[in-house]
Amino acid sequence: MIRNNFPVNLRQLVHHLSGTSRAAEALGINRQQLNKYLSGLTMPSLATLQGITAHLGLQPDDLLLPPGQFLARWRPPVKVDGLPPQIQEVFGVLLENMAQTRDTLAQFCGHYHVYTSLPTNPKRIGRAYAAISQHGDLTTVKMVMFATNRGETPESRPPTKVTGLVQWLGERIYINGVQNVGQTNARLYSIALYPPAVPSMPYLTGMLMTSNNARTRPIYALPIVFDRLAGKASRRADLQACGVFYKDDPRLDPGALALLDGQQPLW
């Protein structure tokens, strides 16, 4: 059975290394010998097996696992084709960082109300909804915002949606997202957040940089506060509580407002 597992797992590797010739070069073995391994006609020596797995960050025993267990152990690298080698390397570093910091980011997964002031109306506060979750090695965020006053019917409040990636670098959380992907009013969001000094505190605080949807699309930066919501599941009431409010509205969280107004340090 182990002998049968090896060629199946090896074929998975060769597929993601763009063919037999490139795979043989990348793994440091002869192409003809690689074809024999792929066909199951022969097994590599322990030294050769160690050499193959060393190129991939695996252990020799990994290639002998049942295929399902092997794929659970080994995640193929994400391919971004057509980029210069230096840029390809940058993407690789970012993806590797997300994998290495997955456990750190896991503690911030959950649901949040997101508070920002409004550059067009300093007397108002926007409250949005965000969910941070993980999918394999990737940590992602989805945000939903309403740009009209709270209290109007949901039908009159079309949402703005932001989807993005979350990374952990230098003890900070970085979020890079796109609003309304694929639409003419799409724009980028870049957020830098500091985790709370006290783990029990519910707030992530930082700065948001984006542009508005005016024709000139001026760029602006604003303080932003993520207020963690109770419970592990999303609730319709949390989404319906989003919108635009006056600063003195009692439905807003006073701790988040104090952070936005500078009564408490953002970080």
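The values are calculated or read from the model by the stated rules, or taken from the named source; none is laboratory data. Keep in mind the model is a prediction, meaning the values are calculated, not measured. With ideal geometry, Cβ positions are generated from the backbone for all residues, glycine too; neighbour counts draw on all protein chains shown. Each accessible area value is taken on the protein alone, full model and side chains, heavy atoms only, with ligands, DNA and RNA left out. Shrake-Rupley method; radii C 1.70, N 1.55, O 1.52, S 1.80 Å.
Go through region 36-53 residue by residue and turn each phi into a ³J(HN,Hα) via Karplus (6.51, -1.76, 1.60, θ = phi - 60°); whole Hz please, and just put x for glycine and proline.
Listing the rounded values in order: 5, 5, 5, 7, x, 5, 8, 10, x, 5, 4, 5, 5, 4, 5, x, 4, 6 Hz.
Hey, in the GNM for the chain with a 10 angstrom Cα cutoff, which one of 186, 147, 197 fluctuates hardest?
197
With a 1.4 Å probe and all protein chains left in place, how much accessible area per residue does the chain have, in Å²?
I get 58 Å² per residue for this part.
Give me the percent of DSSP beta bridges within the chain that run antiparallel, rounded to the nearest 5. Before the final figure, lay out each step's value.
Numbers: 61 of 63 bridges.
That works out to approximately 95 percent antiparallel.
Compute a Gaussian network model of the chain, connecting alpha carbons closer than 10 Å, and tell me which residue from 108, 226, 70 fluctuates the most.
In the Gaussian network model the winner is 70.
If you build the convex hull over the alpha carbons only and average its shadow over all orientations, what do you get for region 1-47? Give it in nm² to one decimal.
About 3.0 nm², averaged over all directions.
Springs between alpha-carbon pairs under 10 angstrom, Gaussian network model over the chain: which of 221, 47, 241 fluctuates most?
47
From the residues 141, 107, 24, which one has its Cα farthest along the dipole of the chain in the positive direction, the dipole being from +1 and -1 charges on Cβ of Lys/Arg and Asp/Glu about the Cα centre?
141
Could you tally the net charge around residue 20, taking each other residue with its Cβ under 14 Å from the Cβ of residue 20, Lys/Arg +1 and Asp/Glu -1?
+3
Let's see if you can work this out: charge +1 on each Lys and Arg Cβ, -1 on each Asp and Glu Cβ, no other charges. What is the dipole magnitude of region 10-108 about its Cα centre, in debye to the nearest 20?
The calculation lands at about 300 debye.
Lysines near residue 161 by alpha-carbon distance under 26 Å, same-chain residues fewer than 8 away left out - which ones?
Output for residue 161: 123, 142, 232, 247.
Take the Cα pairs of the chain, get the Kirkwood Rh, then feed it into Stokes-Einstein at 37 °C and 0.692 mPa s and tell me D in µm²/s. Display every interim value, and only then the final one.
On the way: Rh = 21.8 Å.
After rounding, the answer is 151 µm²/s.
Quick one: putting +1 on the C-beta of Lys and Arg, -1 on the C-beta of Asp and Glu, what dipole do you get for the chain around its Cα centre, in Debye to the nearest 20? Don't jump to the answer; show the numbers that get you there.
Working: 26 positive and 17 negative charges, 121 e Å.
My answer is approximately 580 debye.
For a quick size check, give me the Cα extents of region 82-142 along its three principal axes, largest first, whole Å.
Principal-axis extents of the Cα atoms in region 82-142, largest first: 48, 28, 16 Å.
Keeping all protein chains in the complex and leaving out DNA, RNA and ligands, what accessible area do you get for residue 219 with a 1.4 Å probe, in Å² to the nearest 10?
For residue 219, the solvent-accessible surface is approximately 130 Å².
Give me the percent of accessible area attributable to carbon and sulfur for the chain, probe 1.4 angstrom.
Numbers: 8700 of 15470 Å².
Here carbon and sulfur together make up 56 percent of the probe-accessible area.
When N is the residue count of region 1-111, what does its C-alpha Rg come to as a fraction of 2.2 N^0.38 Å?
1.22
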